[in-house]
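Everything below concerns the one structure shown next.
Taken together, the values in this text are just the output of simple stated rules run on the coordinates, not laboratory data. Because the structure is a prediction, the values reported are computed rather than measured. As a convention, Cβ positions derive from the backbone with ideal geometry for all residues, glycine included, and neighbour counts pool all protein chains shown.
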Amino acid sequence: MEKGYLVLQDGQVFEGVRFGAPGDTMGELVFTTGMGSYIETLTDPSYAGQIVLHTYPLIGNVGMIRSDFEGPCAVKGYVVREWCRHPSNFRTDCDLDTFLKEEGIPGLWGVDTRQLTRILREQGVMNAAICTRVPGNLDALRSYAVTGMVEAVTCKEPASFPAEGEERFRVALLDYGAKQNIHRELQSRGCTVTVLPASTSAEEVLALNPDGIMLANGPGDPAQCHFQAAQIGKLLGKRPLFGICLGHQLTALAVGGRTYKLKYGHRGANQPVREIDTPMFPQQTQGRTYITSQNHGYVVDPDSVRAGRMSFVNANDGTCEGMDYPGLDAFTVQFHPEAHGGPMDTAFLFDRFLSLMELRHTQKGGER
């Protein structure tokens, strides 16, 4: 076993054991509190540019199951307390170490993940490096920044996914780092989904004549995505629109709102959110609390979004978890209603999206 180190940008060093791919790496160190779903975490493109630290102590017990992957593996590194060398599951394709080697992802285990989590909660997320030797100069580590990640993880070409059963609607899904279960949820509801690269213009989207537009999750600082926010501004009001995570943040930016970075973000499958207002869906029960899956470091400042109103709030810290835009036939959420390896409390939001498309379809007399 080869000794390795996790070096934080403030100079703190944690000793562990190397596994996964050889070589050194650096990224933004973040922790996730999910007790399971490590497969979905490792294949969530929203983690691009980051070193992921699991608070749950044992990772890898069911191995890696390719049919559960959410997208390409984009993490920069992986840190766990202990990993399971002998997974037990009839669906297992390979163990965790083999997967990390295949993907070129350096890992470190045997680390005091409880202490690391305390540091990140108290001091905030920070850059870190996984390395075989502790560097003498930390300037490169301190200057590391997560940039250009949407362009790195988006699909390169459009792809179409047919509806299950009879086609009800056609949806254009803008891929900023989309998890596959977004289009699966839509397909299961009778939607044919066309997944489009993040570089797609509003004119190209509308030329497909979709019944609705989905904005996907994705990595990085939303304020860097100037082109994508500008295109969303052109799409708002043209078709019913539903945004998730980065799509939620970019919609707020498109109407002149602001976003800001959280101290250590929301990452895990146990984040409670409360529905506080439903101007677009008055039949729903207000005040209900849902358990959600989340993965984000930035949030929307709801007071800055004059074109919309906050619809969900985080029950832990009071941050914005959703926005409704009644005059634009659009709504967005910060959490993941499509969570494949997580709570399904909010999957009904896809039905709300379909209800908007149905209403527009009816108003147009059944014409597309």
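For this structure, a couple of remarks:
- Ranking Leu235, Asn316, Gly287 by Cα position along the charge dipole of segment 217-368, where only Lys, Arg, Asp and Glu carry charges on their C-beta atoms, puts Leu235 farthest toward the positive end.
- For segment 322-331, Karplus couplings with θ = phi - 60° (6.51, -1.76, 1.60), whole Hz, Gly/Pro x: x, 9, 10, 10, x, x, 10, 6, 9, 8
- Rounded if a/c under 1.5, otherwise prolate or oblate - segment 235-315, Cα gyration tensor axes: oblate
- Of all DSSP beta bridges in the chain, antiparallel share, percent nearest 5: 60 percent
- Debye-sum result for segment 1-76 in log10 I(q)/I(0), which assumes one identical scatterer on each alpha carbon, at q = 0.28 Å⁻¹: -1.50
- Whole-number Å³ per residue for the convex hull built on Cα positions in segment 87-235: 186 Å³
- Of Val79, Val255, Val52, the one that fluctuates the most in a GNM where the chain has Cα springs shorter than 10 Å: Val255
- The distance between label points at Ala140 and Thr289 comes to 4.7 nm (points 7 Å beyond Cα on the Cα→Cβ vector).
- Built from the Cα atoms of segment 154-248, the convex hull projects on average onto 5.4 nm², one quarter of its surface area.
- Cα centroid separation, segment 55-113 to segment 117-135 (Å): 20 Å
- Derived scalar couplings ³J(HN,Hα) [segment 9-18; Karplus, 6.51 cos²θ - 1.76 cosθ + 1.60; whole Hz; x for Gly, Pro]: 5, 8, x, 5, 10, 10, 8, x, 10, 6
- Cα-based helix-to-principal-axis angle, 113-123 vs the chain, degrees rounded to 10: 60 degrees
- Centre separation in Å (Cα based) which lies between segment 296-368 and segment 243-264: 13 Å
- Averaging 1/r over each pair of different alpha-carbon atoms in the chain and inverting the result gives 21.0 Å, the Kirkwood hydrodynamic radius.
- Kirkwood Rh, angstrom, segment 224-362 [1 / mean 1/r, Cα pairs]: 15.0 Å
- Packing order of peptides 82-95, 113-126, highest average first: 113-126, 82-95 (average count of other Cβ atoms within 10 Å over each peptide's residues).
- Label zone at Gln224 (point 7 Å along Cα-to-Cβ), backbone N below 19 Å, segment 297-340: 297-300
- Taken over the alpha carbons of segment 1-147 as equal point scatterers, the Debye sum produces base-10 log I(q)/I(0) values at 0.14, 0.15, 0.17, 0.21 Å⁻¹ of -0.60, -0.69, -0.89, -1.38.
- Working from the Cα coordinates of segment 303-364, the gyration tensor eigenvalues give, after taking √(5λ), semi-axes of 23, 19, 6 Å in decreasing order.
- Isotropic mean projected area of the C-alpha convex hull, segment 171-215 (nm²): 2.8 nm²
- The stretch between Leu262 and Thr362, if pulled fully straight at 0.36 nm per residue, gains 31.8 nm over its current Cα-Cα span.
- Rounded to the nearest 20 debye, dipole of the chain from Cβ charges on Lys, Arg, Asp, Glu: 380 debye
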